[in-house]
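*Asks:* Let me give you the structure first, and then I'll get to my questions.
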Amino acid sequence: MKKEALSDIGVLFLRFGLAFVFFYFGLDKFIHMQANASTIASLGFAPFNPTFFTIFQGILEIMIGTFLVLGLFTRIAAGAASFILTAIILVFWFKQHIFLQRDVGLLAMALFLLLNGGGRLGLDRYVRVRGMLEKN
């Protein structure tokens, strides 16, 4: 198998792995809404309604997962994922003094996709948004 084909398959696995995590936690926001809203409230986001924030975050995470699976707007989805993961890491570190090693690994995956795109096995190669997406 050619090196390019293996690289494309590797990026596909990376996209699917990160998408799975975002789908899972996005759906979890709706399945365990009260528990997630309580966690958000306990972290001290007083200006926000915790239930609204939970719903918004759940929808956003499911959208990120969908875009990553499709390989559509991969860099934008990876940028949003990077922002969310950075916020999670910082909030838990500064508020609860918990270091989330898993989320650092996920952040590295998201940053890779942000910098390199979704590879040739996605829909990005067929869509151009005002020059934001490279044609692979």
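*Asks:* Quick check on Leu70: is it in contact (Cβ under 8 Å) with a residue 40 or more places away in the chain, aliphatic (A, V, I, L, M) and within 21 Å of Gly118 (Cβ to Cβ)? Let's see the steps before the verdict.
*Replies:* Numbers: in contact (Cβ under 8 Å) with a residue 40 or more places away in the chain: yes; aliphatic (A, V, I, L, M): yes; within 21 Å of Gly118 (Cβ to Cβ): yes.
The answer is yes for Leu70.
*Asks:* So, in the stretch 19-39, of the ones that are over 11 Å from the mean Cα position of the chain (by Cα) and β-branched (Val, Ile, Thr), which residue ends up surrounded by the most Cβ atoms within 10 Å (Cβ to Cβ)?
*Replies:* Thr39
*Asks:* From the residues in the stretch 72-107 that are surrounded by 14 or more Cβ atoms within 10 Å (Cβ to Cβ) and of a type in the set (S, T, N, Q), which one is nearest to Tyr126 (Cα to Cα)?
*Replies:* Thr74
*Asks:* Please indicate, with yes or no, whether at least one residue in the stretch 89-96 is outside any helix (DSSP H, G or I) and farther than 24 Å from Gly17 by Cα. Write out each step before concluding.
*Replies:* Pass one, the stretch 89-96, residues outside any helix (DSSP H, G or I): none.
No, the conditions are met nowhere in the stretch 89-96.
*Asks:* Here is a check on your reading of the model: is Thr51 assigned to a helix (DSSP H, G or I), at pLDDT below 95 and not aliphatic (A, V, I, L, M)? Show your work before the answer.
*Replies:* Numbers: assigned to a helix (DSSP H, G or I): yes; at pLDDT below 95: yes; not aliphatic (A, V, I, L, M): yes.
Answer is yes for this residue.
*Asks:* Examine the stretch 57-67 for a residue that is hydrophobic (A, V, I, L, M, F, W, C), more than 22 Å from Leu113 (Cα to Cα) and in a helix (DSSP H, G or I), and state whether such a residue exists. Even if it seems obvious, please write down each step before you answer.
*Replies:* Restricting attention to the stretch 57-67, the residues satisfying the condition of being hydrophobic (A, V, I, L, M, F, W, C) are 59-60, 62-64, 67.
Now drop any that are not more than 22 Å from Leu113 (Cα to Cα), which leaves none.
Within the stretch 57-67 (the criterion being hydrophobic (A, V, I, L, M, F, W, C), more than 22 Å from Leu113 (Cα to Cα) and in a helix (DSSP H, G or I)), the answer is no, since none of the residues qualifies.
*Asks:* Would you confirm whether any residue within the stretch 7-19 is out of contact with any Pro (no Cβ under 9 Å at 6 or more places or on another chain), outside any helix (DSSP H, G or I) and modelled with pLDDT under 95? Reasoning before the result, please.
*Replies:* Filtering the stretch 7-19 for residues out of contact with any Pro (no Cβ under 9 Å at 6 or more places or on another chain) gives 7-19.
Now restrict to residues that are outside any helix (DSSP H, G or I): none.
Looking through the stretch 7-19, none of the residues is out of contact with any Pro (no Cβ under 9 Å at 6 or more places or on another chain), outside any helix (DSSP H, G or I) and modelled with pLDDT under 95.
*Asks:* Continuing with the same structure: Can you go through Leu90, Leu100, Leu43 and tell me which one is on the phi < 0 side of the Ramachandran plot and modelled with pLDDT of 90 or more? Step through it out loud before you land on a result.
*Replies:* Details: Leu100 fails: modelled with pLDDT of 90 or more; Leu43 fails: modelled with pLDDT of 90 or more.
Going through Leu90, Leu100, Leu43 in turn, the sole match is Leu90.
The values are calculated or read from the model by the stated rules, or taken from the named source; none is laboratory data. Note that the structure is predicted; figures quoted are calculated from it, not measured. No Cβ is skipped: glycine too gets one built from the backbone with ideal geometry, and neighbour counts run over all protein chains shown.
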